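Colleague: Sharing a structure here in structure tokens format.
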Amino acid sequence: MKKWVMVGLLAGTLSLTACSSDTANPITDAFKGQSAQQIFQAGEKSLTKKSYKDAIKHFEGLAALYPFSDYQEQAQMDLIYAYYMDQDYPSAQGAADRFIHLYPRSPHVDYAYYMKGLSDFSIDRGFGSKLINLDLASRDLSSTKQAFNDFSQLVELYPDSPYTPSARGRMVYLRNLLANHEVEVATFYMKHKSYVAAVNRANYVVQHYQQSPAVIPALGILAAAYNKLGLTDKAAEVTAILALNYPNSAVYKQLLKDYPPAKK
């Protein structure tokens, strides 16, 4: 009885093996019989023609069939670009990350860092219009934060890279975006009378985004929230900071109207 079971299992195994060997692999089968040079050059031609999907297919096929060819490093760089131009930003980010791990000493690794940041940046581009109907506190800005970290890493590791000036500029934009988001959330909490939560959010902006214009409205929210909580001494301290640094701001003027100083 046991022998029949074993034979049956063996037959099943052989059957599965035969099936798996007959399964076509569209990535590699399309380029069977072609050399690494032929596949690479065809991918480059597709890239030149802006046929990004076809270029991706060639570079992926090259990686599968000839993972150690002399063309692999350039092909992986081109693959990052092709993914990005095809607006497949998660794949571009993944390809850039893979390049960094495979070629950490490459003279072109700064490009991979830049494209990684650009891909994360593009994933969240326009998030405001997409999420306008959602609770402000529930927005997921993980890709925006990751993009900032990616660009920051490039700037730190490769300060003389030709991509660094662009990365710095995008970091300023992202920093302001993140700061403005925190102010929006703090405003949301103020409207819902969650004053402690508003204080925490506004204080985070003041502490972590000091160079952002969002600091001004954050200070205004902080002072207003302290007043609502009855913490008038703390509110006065924040109002004094506004008076000293931003005396002509609309935020400071509105704060004086809402919470006029006590007459002596």
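Colleague: Which value, in debye to the nearest 20, gives the size of the charge dipole of region 180-264 about its Cα centre, when Lys and Arg are +1 and Asp and Glu are -1 at the Cβ? Display every interim value, and only then the final one.
Modeller: Values: 9 positive and 5 negative charges, 66 e Å.
Here region 180-264 has a charge dipole of around 320 debye.
Colleague: What ranking of 237, 182 emerges when the number of other C-beta atoms within 10 Å of each C-beta is taken as an exposure proxy, fewest first?
Modeller: 237, 182
Colleague: Taking every pair of Cα atoms in region 180-264, average 1/r, invert it to obtain the Kirkwood radius, and report Rg/Rh to two decimals.
Modeller: 0.94
Colleague: Per Stokes-Einstein, at 10 °C and 1.306 mPa s, what whole-number D in µm² s⁻¹ belongs to region 31-71, with the Kirkwood radius over Cα pairs as the hydrodynamic radius?
Modeller: Answer from the Stokes-Einstein relation: 161 µm²/s.
Colleague: Would you mind getting the Kirkwood hydrodynamic radius of region 37-113 from its Cα pairs, rounded to one decimal in Å?
Modeller: Kirkwood hydrodynamic radius for region 37-113: 12.1 Å.
Colleague: Holding the Cα-Cα limit at 20 Å, pick out from 193/228; 145/228; 49/116 the pairs that are longer than that.
Modeller: Values: 193/228 9 Å; 145/228 32 Å; 49/116 24 Å.
Too far apart for the 20 Å limit: 145/228; 49/116.
Rule-based calculations on the coordinates, nothing more; no lab input. Everything quoted here is computed from the prediction, not taken from an experiment. Heads up, the Cβs are rebuilt from the backbone with ideal geometry, glycines too, and the neighbour counts pull from every protein chain shown.
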